[in-house]
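Chemist: Handing you this structure, nothing more for now.
The values are calculated or read from the model by the stated rules, or taken from the named source; none is laboratory data. These figures come from a predicted structure and were not determined experimentally. Glycine gets a Cβ as well: all are built from the backbone with ideal geometry, and neighbour counts include every protein chain shown.
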Amino acid sequence: MKSILIIGLGRFGSHLCSELSGLNNEIMIVDRDESKLEDLLPYVTDAKIGDCTNEKVLRSLGVGNFDLCFVCIGNNFQSSLEITSLLSDLGANYIVSKANRDIHAKFLLRNGANEVIYPDRDIAEKVAVRFSANQVFDYVELGNGFSIYEISPLPEWLGRSIVDVNVRSVYNTNIIGVKTPDKDMMIMPGPDYEFKEGEHLMVIGHQRDIEKIIRKL
């Protein structure tokens with residue numbers, strides 16, 4: 001469990017709040033618009049109305065007491081930059097700021113952000129990957145060219161085991177999980193596991209290697 005401050009309750013900030021709450025984190029939310037706080041009150045330990053570009057408002061929150069501070073303002077870059085910088089000056093432990101453009105990210109990182117996220121871009125990339133290929137059900141980019149894909153087994157794999165197919169040597173990837181048609185999940189199946197029709201495989205590897213499998217689906 002972590003203590004988290006979320007500043008800005010647009011669509012992303014609101015969804016982030018509810019998801020973090022579901023993972024048993026302690027959350028404080030802040031927005032200048034009182035109406036945006038009301039629906040989220042059941043999910044948080046505290047909520048404040050205020051303009052966080054005002055140093056006095058931000059200082060009153062005790063930002064150094066939070067494990068994470070999220071700046072989720074997406075439609076006013078100047079405010080996002082000012083808040084990020086103030087959080088850094090006031091001793092915030094770890095600042096994650098939302099950006100829409102690369103140039104914004106550069107300024108945020110130079111002015112106190114420890115990490116920058118692009119939720120709109122990331123979702124667009126994920127949707128593009130999923131719908132550009134057959135039998136791709138999910139996709140997570142890990143960085144440095146590596147990803148995890150949820151895919152169907154190749155037709156020629158059905159009825160054969162992982163060791164028979166020799167997935168690691170032939171395709172330079174690893175099967176780290178199998179999801180059955182009933183949505184049950186098997187983690188790290190053994191080498192004797194036989195592929196079955198209708199199941200989904202969690203495949204980890206370099207993007208270029210997994211794409212070789214996807215092209216055969």
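Table: residues versus (1) of a type in the set (A, V, I, L, M, F, W, C); (2) out of contact with any strand residue (DSSP E or B) (no Cβ under 6 Å at 6 or more places or on another chain).
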position	(1), (2)
ASP51	no, yes
PHE66	yes, no
GLU82	no, yes
ALA99	yes, no
TYR118	no, yes
LEU142	yes, yes
ILE151	yes, no
LEU158	yes, yes
SER161	no, no
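Chemist: Between a residue in region 60-86 that is closer than 17 Å to LYS48 by Cβ and any residue that is of a type in the set (Phe, Trp, Tyr) and surrounded by fewer than 18 Cβ atoms within 10 Å (Cβ to Cβ), which pairs come within a Cβ distance under 8 Å, given they are 6 or more apart or on different chains?
Modeler: LEU68/TYR94; CYS69/TYR94
Chemist: Here's another thing I want to ask about it. For region 195-210, give me each residue that is out of contact with any Phe, Trp or Tyr (no Cβ under 9 Å at 6 or more places or on another chain) and outside any loop (DSSP other than H, G, I, E, B).
Modeler: Result: ARG208, single match.
Chemist: ILE103 - would you say it is part of a helix (DSSP H, G or I) and at pLDDT below 95?
Modeler: Against the criterion (part of a helix (DSSP H, G or I) and at pLDDT below 95), ILE103 qualifies.
Chemist: Also, quick follow-up: Can you confirm whether SER80 is in the same structural domain as GLY8 (by TED's automatic domain parsing), part of a helix (DSSP H, G or I), touching a Lys or Arg at 6+ places or on another chain (Cβ under 8 Å) and not β-branched (Val, Ile, Thr)?
Modeler: Against the criterion (in the same structural domain as GLY8 (by TED's automatic domain parsing), part of a helix (DSSP H, G or I), touching a Lys or Arg at 6+ places or on another chain (Cβ under 8 Å) and not β-branched (Val, Ile, Thr)), SER80 qualifies.
Chemist: Could you grab me the full set of residues in region 92-106 that are under 14 Å from GLY13 (Cβ atoms) and either in contact (Cβ under 8 Å) with a residue 40 or more places away in the chain or among the acidic types (Asp, Glu) (or both)?
Modeler: Within region 92-106, LYS98 is the sole residue that qualifies.
Chemist: While we're on this one: So ILE214 clears everything in (1) surrounded by fewer than 11 Cβ atoms within 10 Å (Cβ to Cβ); (2) β-branched (Val, Ile, Thr); (3) within 20 Å of ALA128 (Cβ to Cβ) except one condition, right? Which one?
Modeler: Here ILE214 clears every test but (1).
Chemist: Based on this model, can you work out whether ILE117 counts as closer than 30 Å to GLY62 by Cβ and under 20 Å from the mean Cα position of the chain (by Cα)?
Modeler: Yes; evaluated as a whole, the condition is true for this residue.
Chemist: For region 35-62, give me each residue that is assigned to a loop (DSSP other than H, G, I, E, B) and among the aliphatic types (A, V, I, L, M).
Modeler: LEU40, VAL44, LEU61
Chemist: Let me ask something additional. Checking the condition farther than 30 Å from SER3 by Cα, part of a strand (DSSP E or B) and either outside the structural domain of VAL203 (by TED's automatic domain parsing) or among the β-branched types (Val, Ile, Thr) (or both), which residue from VAL116, VAL163, VAL178, VAL170 passes?
Modeler: VAL178
Chemist: Taking into account only those residues within region 184-198 that are of a type in the set (Asp, Glu) and either surrounded by fewer than 10 Cβ atoms within 10 Å (Cβ to Cβ) or at pLDDT 95 or above (or both), which is nearest to the chain's Cα centre (by Cα)?
Modeler: Looking at the filtered set, the residue picked out is ASP184.
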